1. Return yes or no: is VAL464 outside the structural domain of ALA383 (by TED's automatic domain parsing) and more than 30 Å from ARG606 (Cβ to Cβ)?
2. Go through (1) under 30 Å from ALA413 (Cα atoms); (2) of a type outside the set (Phe, Trp, Tyr); (3) assigned to a helix (DSSP H, G or I); (4) in contact with a helix residue (DSSP H, G or I) (Cβ under 6 Å, 6 or more places away or on another chain) for GLU322 and report which single condition fails.
3. Pick from segment 206-236 the residues that are touching a Phe, Trp or Tyr at 6+ places or on another chain (Cβ under 6 Å), outside any helix (DSSP H, G or I) and of a type outside the set (Gly, Ala, Ser): which of them is nearest to ILE371 (Cα to Cα)?
4. Look through LEU143, LEU120, LEU43, LEU86 and report the one residue that is at pLDDT 65 or above, surrounded by 14 or more Cβ atoms within 10 Å (Cβ to Cβ), among the aliphatic types (A, V, I, L, M) and assigned to a helix (DSSP H, G or I).
5. Is it true that some residue in segment 579-598 is touching a Leu at 6+ places or on another chain (Cβ under 7 Å) and in a loop (DSSP other than H, G, I, E, B)?
6. For segment 318-339, name all the residues that are surrounded by fewer than 18 Cβ atoms within 10 Å (Cβ to Cβ) and at pLDDT 85 or above.
7. What pairs come up if the first residue lies in segment 353-368 and is closer than 15 Å to PRO234 by Cα, the second is surrounded by fewer than 21 Cβ atoms within 10 Å (Cβ to Cβ), and their beta carbons are under 6 Å apart, counting only those six or more places apart or on different chains?
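The values are calculated or read from the model by the stated rules, or taken from the named source; none is laboratory data. Please read all numbers here as calculations on a predicted model, not as lab measurements. All Cβ positions, glycine included, derive from the backbone under ideal geometry; neighbour counts span all protein chains shown.
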Amino acid sequence: MTESNPHSDGQPNPPKGQGSGPGLQVPRGMVGWIVFVGFALILVMMLTQHWTQNQQMSIDQFETHIANREIAEVVIKTGGTDSCTLDVTLRDDLEGASPNRVYEVSYPLLFVDGELRKDLRASGAKTRNEPDSGLFVQLLIGLIPWILLFLFVWFFIFRQLRGAAGGGGMLGNFGRSKHRVTSKEHTNVTFSDVAGIEEAKDEVTEIIEFLKNPKRFQRLGGRIPRGVLLVGEPGCGKTLLAKAIAGEADAPFFSISGSDFVEMFVGVGASRVRDLFKQAKENSPCIIFLDEIDAVGRRRGAGFNGGGHDEREQTLNAILVEMDGFESSDQVIVLAATNRSDVLDPALIRPGRFDRQVFVPLPDVKGRLEILKVHAKKIKIGADADLGRLARGTPMFSGADLAAIVNEAALLATLGNKDFVEMEDLEESRDKVRWGRARKSRVIDEQEKELTAYHEAGHALLQVLLPDTEPLHKVSIIPRGPYGGATFSLPEKDRTVYTTKWLEAAIKVTFGGRIAEDMFCGDVSSGASADIRQSTSMARQMVTNWGMNDRLGFVFYGDDDGRSRPFDFGGPREYSEETAKIIDEEVKKLIDRTYSESQELLEQNREKLKAIAMALLKYETLDGEEVHRIVRGETLDRPTVGDLLDAADAKPQAPSVPDTSSASPDIPPATDLGGGPLPQLG
């Protein structure tokens with residue numbers, strides 16, 4: 001599932017026409033920042049200012065300048081008993097003189113008021129008296145920047161760090177929670193926007209009923225779960241389901257991501273957890289939603305992270321303590337979402353904390369149809385658009401994938417100047433979402449094109465001839481994304497259990513491309529690399545995981561993904577080297593047997609294989625019905641792509657050519673020169 005019309009941040013703007021308060025108000029935290037910046041600027045200016053001292057001038061030099069009439073101004077600073085200080089400024093027009101440069105002369109006080117003033121007036125220099133500030137005042141002026149620096153460090157660093165654990169103030173805000181508060185009036189997502197996960201909706205509906213009427217559940221002594229963990233693959237609708245709860249429940253909704261707890265400062269994550277739960281209890285009944293909780297809730301002690309002072313572990317400990325501190329009357333429910341429930345700490349998911357786990361699965365065919373209907377309401381759909389067929393052709397697609405398909409179809413129809421979205425747009429967008437854009441402009445060598453045609457024809461023919469495979473949907477040799485061609489099926493139902501016959505048929509289909517290349521081209525290509533991976537993976541899982549081998553029997557030899565062995569870094573296997581050798585032998589035996597049977601079947605239908613390849617070279621794309629007609633010996637008489645282009649050039653007003661070069665999703669044996677991935681088995 002994906003979200004529909006998501007609310008941006010949970011903090012709506014005030015409605016038009018309503019006042020927003022008495023004038024502009026500066027937040028309390030902003031005042032601290034203003035003072036901080038102001039002090040910083042003053043310190044920088046004072047510390048970087050060039051405190052220049054006047055250059056000393058001797059009495060002889062001073063009298064020489066007087067005799068030469070080179071002095072512009074003399075400031076007489078009296079304050080001593082025997083001598084005074086003269087600040088001498090020379091004329092600007094003198095050669096080599098620095099502008100506004102002041103020279104300092106120590107002159108006997110006895111001669112200042114007599115001959116000196118007379119000589120200065122005679123030379124045309126200005127004189128004025130100023131009291132001398134003294135040495136103490138000069139030292140004080142020099143110390144002022146350092147005094148301000150000390151006060152700045154003390155007030156804004158040491159004093160504020162005392163409140164960093166969660167109080168107000170500038171640096172204390174690091175300890176405040178970064179959650180967003182959403183209420184019923186502030187979100188436009190409801191349960192009507194959530195489709196394909198009906199069981200999960202039913203389970204979370206109990207939470208909404210409890211928040212609305214807690215006495216109904218307390219009448220018989222029952223207790224609502226304190227925590228609910230939403231588990232599912234990415235894109236299945238966990239966050240959307242949480243937003244729908246906020247839209248349905250008449251209670252505050254505190255939402256935060258797991259990564260928002262962690263900062264560069266150690267201890268901030270735990271402080272934010274405490275602040276979040278404190279505010280939630282003050283606003284109960286309410287819901288706390290922790291998205292991507294695996295960011296802070298991973299298993300403790302499962303790695304070399306520096307011990308118990310790890311920031312993530314401190315945050316997890318704070319969450320565990322806060323959830324344990326709930327009282328039955330707190331009416332605070334914690335929702336969390338993750339797609340990695342296997343890495344969560346056992347203490348986090350034990351009863352009493354996250355009491356209930358709600359699995360949000362990939363939608364089945366009915367769920368995919370409902371999801372497509374929800375998203376199709378936002379676009380203009382044509383009469384030929386068959387959402388049921390599209391739902392069948394998208395197994396293993398998540399709600400996010402389906403939303404992207406509908407959106408891409410609308411964009412394709414818009415670029416095609418259509419009035420509504422047609423079925424061909426939906427199929428093309430499905431293939432684009434899964435495989436990438438069709439590369440119709442790519443210049444392909446004729447020999448490579450022929451090789452691709454026989455390769456895909458081999459897949460398609462086995463898909464038709466083998467009874468236990470899915471119905472053939474489409475085969476194409478138009479490059480798409482990284483693939484040179486594709487052969488796809490259209491499942492009649494979703495498969496949750498794989499039988500031996502179905503798996504062996506799927507393995508045989510993957511061999512069709514390589515066998516056809518060898519039969520008609522006299523050589524083989526690297527295009528079968530993905531086919532080899534698919535067939536080997538299925539064969540090995542049949543032997544090791546699913547007990548489908550008589551020699552090895554009903555024993556599990558697979559990998560447990562390290563879920564129960566957090567410290568297992570590729571250690572020895574849990575079976576002997578002799579057993580490993582037997583496993584390799586049985587996998588090779590299964591591959592050889594199915595390959596031989598596929599080769600024999602294609603040899604018996606050699607002419608049909610060649611006919612399909614020739615049709616692909618002519619038309620580039622064939623649907624399932626056209627392949628069946630070729631197998632029955634019928635001929636195709638529809639115009640080729642070149643014929644349609646020639647007709648369009650001759651008649652400019654002719655309708656545009658539908659693009660039938662799309663491919664289907666990852667349904668076995670989806671291939672590009674033999675390779676799209678199979679659905680995840682096991």
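1. no
2. It is condition (1) that GLU322 fails.
3. VAL231
4. LEU120
5. no
6. If the condition is that a residue be surrounded by fewer than 18 Cβ atoms within 10 Å (Cβ to Cβ) and at pLDDT 85 or above, then ASN339 is the only one that fits.
7. VAL358/GLU203; LEU362/GLU233
Yes/no matrix, rows are residues, columns are (1) touching a residue at least 24 places away in the same chain (Cβ under 8 Å); (2) surrounded by 15 or more Cβ atoms within 10 Å (Cβ to Cβ); (3) under 27 Å from ALA200 (Cβ atoms):
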site	(1), (2), (3)
ASP345	yes, yes, yes
LEU372	yes, yes, yes
ILE379	yes, yes, yes
LEU390	yes, yes, yes
LEU412	no, yes, no
ASN417	no, no, no
TRP435	yes, yes, no
